[in-house]
Structure formats: structure tokens, C-alpha cells
Amino acid sequence: MEQLLMGRMPEPFNNGDYQDITLSITEDCNLRCKYCYMVHKSEFKVMSFDTAKKIVDFVLAQEVKKENVVWNFIGGEPTIEMDLIDKITDYIKIKQYALRHPWRNHYMFYTWK
């Protein structure tokens with residue numbers, strides 16, 4: 001296990017060479033940061049699971065250009081919708097495995113605000 005030292009970041013996933021897929025889960029946020037890029041926050045705008053499945057199916061049907069993938073979940077504050085993210089990540093793992101997709105063993109999930 002790599003030891004993290006103060007002032008030193010860990011090496012990036014696959015040296016930064018990966019396909020980046022970003023899903024905007026919600027516009028809702030329980031914080032009010034002055035520097036936030038989300039100007040018009042709305043608690044009513046949440047991605048549906050059906051929409052997420054369509055996006056995942058579309059992405060996995062495309063030609064693979066990178067050996068590794070990072071599935072990003074963003075929003076307002078995406079962790080407000082952690083149950084939805086959990087369902088989506090399960091769906092991604094199951095689909096990649098069922099399709100014998102090249103990413104089935106080369107992926108990472110990431111959430112950030």
C-alpha cells in the first residue's frame with residue numbers, strides 16, 4: 001500500500017490515461033459555496049435511473065478508445081443522491097461483465113462536487 005505523505009498526492013489512475021465519462025446526477029446541493037459553478041441549483045432536477053441506464057448502454061456500445069475508464073458522478077452535490085449512484089454503479093458493473101466489455105476490469109468510480 002502506498003504511503004501518503006503530507007503535501008504529496010497519490011499517483012493518478014493509470015497515469016492519467018483513461019476515458020472519462022461524467023454523469024450529472026443532480027442540481028441539488030446542501031451547501032452554498034460562493035465559488036460554485038452551479039448558478040441555478042434545483043432540488044427538483046435529479047437524473048432518473050432509466051436515463052442513467054440509457055447513457056451507460058450508449059457509452060458501452062461505443063468503440064473503446066482507451067483501455068481504462070473513470071465514471072464520474074457530479075452535480076450540485078452528487079452524494080445527496082447516493083442511493084441512485086449505488087444503483088448506477090451496480091448497473092455499470094453488471095453490464096460491463098455481461099458484455100465482456102474491455103473495461104470490466106479496468107474502471108474506477110469517482111464523485112466530486
Response to the item:
Note to self, the chain gives a 222 nm [θ] from helices alone (DSSP H runs n ≥ 4, -39500 (n - 2.57) apiece, / all residues, nearest 500) of -8500 deg cm²/dmol
Item to complete: Report, to the nearest whole %, how much of the accessible area of the chain belongs to carbon and sulfur atoms, 1.4 Å probe, protein only.
Response: 53
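How many Å² of accessible area per residue for the chain, probe 1.4 Å?
Averaged over the residues of the chain, the accessible area is 72 Å².
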Discussion item. Need one word for the chain: rounded, prolate or oblate. Basis is the Cα gyration tensor (sqrt eigenvalues a ≥ b ≥ c); a/c below 1.5 gives rounded, then a/b vs b/c decides.
Written reply: oblate
Worksheet entry | Partnerless Cys - the chain, beta-carbon criterion under 4.7 Å | CYS29
Fill in: Mean Cα-pair separation over length for the chain, i.e. relative contact order, pairs under 8 Å, 6 or more apart, %
33
Worksheet item: At what distance in nm do the modelled label points of LEU31 and GLU63 sit from each other, each positioned 7 Å from its Cα along Cα→Cβ?
Response: 4.0
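The values are calculated or read from the model by the stated rules, or taken from the named source; none is laboratory data. Computed from a prediction, not measured in an experiment: that's the story for all the values here. All Cβ positions, glycine included, derive from the backbone under ideal geometry; neighbour counts span all protein chains shown. To get the accessible areas, we keep the full protein, side chains included, count just its heavy atoms, and leave off ligands, DNA and RNA. Shrake-Rupley method; radii C 1.70, N 1.55, O 1.52, S 1.80 Å.
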